[in-house]
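What follows is one structure encoded as structure tokens, with my remarks underneath.
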Amino acid sequence: MKEESVTINRRDLMIQGDRMKSAVNLSGEEIYRNITENIRKVMRGQDMAIRRLLAAFAAGGHVLLEDYPGTGKTTLAKALAQSIDAIFTRVQFTPDLLPSDIIGVSIFDQNERQFRFHRGPVFTNVLLADEINRASPRTQSALLEAMGEAQVSVDGTLHPLEDLFFVIATQNPVESRGTYPLPEAQMDRFALRFQLGYISTEDEIAVMSDQRRRHPLEDLKPCVSLAHVLTLKRQVGEVRISEELKRYIVDIVQATRIASGVELGASPRASIQLMKTAQALALFDGLSFVTPEHIQEVAVSVIAHRMVMDPQARFSGQTAQGAVEEIIRSIRVPS
């Protein structure tokens, strides 16, 4: 039994070593392409949404999907988790959901005469916070520490989350009954907010054909390991960005704080996240450096949801998205 155990341990170490070697051999562009092609098997006509989702994922941020029911938000989250062989947890947010239902709770063990912490669904790799705006502000705030610092505090004890922790939150932009608007502090924790949108007629027909007998998610297999994902995240940080482009990012973000009709502009966290997301996009495109186009591509998705428009501007039809687009047009692009 002892020799058998040693053999098994050696075999596990060899398998783990092979996975690490394969992770090193694959470039960030190849890892991105593998995940993208895998997700496309179940998400048709959503290439831009997949690109943005993976950019936030590789940059270490979190995503808020704001779209109508039935557009594939949950399917996208599940497809990502299955593609990277990660632990996936879904929490349906409701008005009666408590913070302990998310982060966990300490329960007294009568046999050992001490409290034991029972982990909540936040201890996962990919967390889907479905209809997050249906929970009370108190429950929503339970995610703040987890999203910002990858840890939770319970009874004065810090519990670190997994090395890979990614939140995909969804909300319905139309229905308002029984919902609580996300506070500015929570919105600032999301790296990107974007919509999936409706797909084309041809793609919708193809989706119907795909699901005629069973959902394609049931046949989706992992295409990369967690070691590959950690390699991807590390390579994102190695992408170069010039001082001129850093100043370009800061100029865009600072302009939101003085723009007409804006009550609250974007924070420095927006500058950091815009830089990291642009680095991820450059890596996906096979480049070792960031270009102005990468910054412009995701500037609205990174910045707009962090802004608060004043009531008069909203009444006149001005939006945060339009304000960011105008700022991008007005600021000189570094040559």
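Key figures
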{"item": "Taking the convex hull of Cα positions in the chain, its mean projected area over all directions (nm²)", "result": "22.3 nm²"}
{"item": "Equivalent ellipsoid dimensions for segment 85-183 as semi-axes, Å, which come from the Cα gyration tensor, largest first", "result": "25, 16, 12"}
{"item": "Options Ile205, Leu164, Phe190, ranked by Cα towards positive dipole end of the chain, top entry (Cβ charges)", "result": "Leu164"}
{"item": "Calculated P(r) tail over 27 Å for segment 171-312, as whole % of Cα pairs", "result": "43 percent"}
{"item": "Bridge type composition, the chain - antiparallel percent by DSSP, nearest 5", "result": "40 percent"}
{"item": "Orientation-averaged projected area, Cα convex hull of segment 239-335 (nm²)", "result": "5.7 nm²"}
{"item": "Exposure rule at most 16 other beta-carbon atoms within 10 Å, DSSP loop trypsin sites (Lys or Arg not before Pro): the chain longest free segment", "result": "258-331"}
{"item": "Evaluated over segment 268-323, the Cα radius of gyration and Dmax, each in Å", "result": "14.0, 44"}
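Read the figures in this text as sums done on the coordinates, not as results from a lab. Quick caveat: nothing in here was measured; it's all calculated off a predicted structure. Positions of Cβ are generated from backbone atoms using ideal geometry, with glycine treated the same way; all protein chains shown enter the neighbour counts.
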